[in-house]
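The values are calculated or read from the model by the stated rules, or taken from the named source; none is laboratory data. Treat the numbers as computed from the prediction; the structure is a model and nothing was measured. Glycine also receives a Cβ, built like all others from the backbone with ideal geometry; neighbour counts cover every protein chain displayed. Side chains included, ligands, DNA and RNA excluded: accessible areas come from the protein's heavy atoms. Shrake-Rupley method; radii C 1.70, N 1.55, O 1.52, S 1.80 Å.
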Amino acid sequence: MTDIFDDLAAEYEQLDAVLATLTPAQWAHPSAAAGWTVSDVVLHLAQSEELVIASIAGELADRRSPGEVDAMADALVAAERAISPADVLARWRAATSATPGSLRAHPKGSRLTWVAASLSPATLATTRLAEHWAHAYDITAPLGIAYPDTSRLRHIAWLGHRTLPYAFDVEGLSGGPVRCELTSPDGDLWHLGDPDAPSVITGPAADFCRVGARRLAPADSALKATGPHAAEALSVLRNYAF
C-alpha cells in the first residue's frame, strides 16, 4: 500500500478541485446525505476534521457510543449551517491542510482518541480518507459531477475488511474469516485476508467500498459472496472504525 498520509492529502486535493468550482446554487443543492445540502456536507467535513486536530493536540476527551455519532454530527451541522459557503470552504481548507502532516508526525506506536475508539495515526488517516471519499459522492452525484475512483480505494477496502470482526460483533453475529479478491480501478487484483479463508468476496473494489460506506446495497453491486460468512460480511461491512 502507498503512503496513507500522502494519499489522504491527494484525496483532499481531488475534492478541493470540485468544491472550488461550485456555484451558489450548487452549494445550496440537496446532497445525497439525507437532510443535508452540499454546504452542510462540507461543513460536516470541516467540523469532523477539526476534531482530528483536537485529538492530535490531546484535547478530544469525550468519546461517544456508536449510536450517538450520527446525532452528534446532525447537531453540530444544525448549529452552524448559517455560515456562508465561502467561509465553510475556507474552514475546511484550513483544517485539511494541517491533518496529513500532523498525523504523519505523531509518534509511531501512539494512539489517538477518536469518537468511540482509540486509533493509530495511520488508521485515523484512513478513516478520514474513507469519509471524504464517501461524502464526495454525496456532493458530486446529485450535481452530475464526475469524481473518478483511484487506487486510493485500497486503503478504504483495507479498513472495511479489517473492521469486519467488530462489524459482526455490533450486529450480534458470530461471523468468521473472510477473504477478498477485489479488482482495483486500474485493473489490479487486491487480496485481503487469510488466503485459506472459506468465505470469499470477489468483484470491483469500488463496489466493495461503496457497500461499506452504505452508498450501495450489496444486492445492487457486482460483488459475489461465497462461503459460510461472505454474504453476512457484506451486510455488516462498514468503512469506519467506531
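List of remarks:
- Residues in segment 1-60 that are among the charged types (D, E, K, R) and more than 19 Å from residue 155 (Cβ to Cβ) were compared, and the one that is surrounded by the fewest Cβ atoms within 10 Å (Cβ to Cβ) is 59.
Per-residue answers, yes or no, for (1) over 20 Å from residue 123 (Cα atoms); (2) open to solvent by 20 Å² or more (accessible area, probe 1.4 Å); (3) assigned to a strand (DSSP E or B); (4) at pLDDT 95 or above:
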{"residue": "139", "(1), (2), (3), (4)": "yes, no, no, yes"}
{"residue": "146", "(1), (2), (3), (4)": "yes, yes, no, yes"}
{"residue": "158", "(1), (2), (3), (4)": "no, yes, no, yes"}
{"residue": "174", "(1), (2), (3), (4)": "yes, yes, no, no"}
{"residue": "196", "(1), (2), (3), (4)": "yes, yes, no, yes"}
{"residue": "200", "(1), (2), (3), (4)": "yes, no, yes, yes"}
{"residue": "208", "(1), (2), (3), (4)": "no, no, no, yes"}
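- Any hit, segment 3-21, residues being within 14 Å of residue 139 (Cβ to Cβ), charged (D, E, K, R) and assigned to a helix (DSSP H, G or I): yes
- Close Cβ contacts (under 6 Å, 6 or more residues apart or on different chains) running from residues in segment 121-138 that are farther than 14 Å from residue 12 by Cβ and among the hydrophobic types (A, V, I, L, M, F, W, C) to residues that are modelled with pLDDT of 95 or more and assigned to a helix (DSSP H, G or I) comprise 122/4.
- Annotation note: Cβ proximity below 8 Å between a residue of segment 8-34 that is within 21 Å of residue 123 (Cβ to Cβ) and a residue that is part of a loop (DSSP other than H, G, I, E, B) and among the charged types (D, E, K, R) (sequence gap 6+ or interchain) occurs for 10/152; 11/152.
- Residue check, residue 185 modelled with pLDDT under 95, within 22 Å of residue 129 (Cα to Cα) and not aromatic (Phe, Trp, Tyr): no
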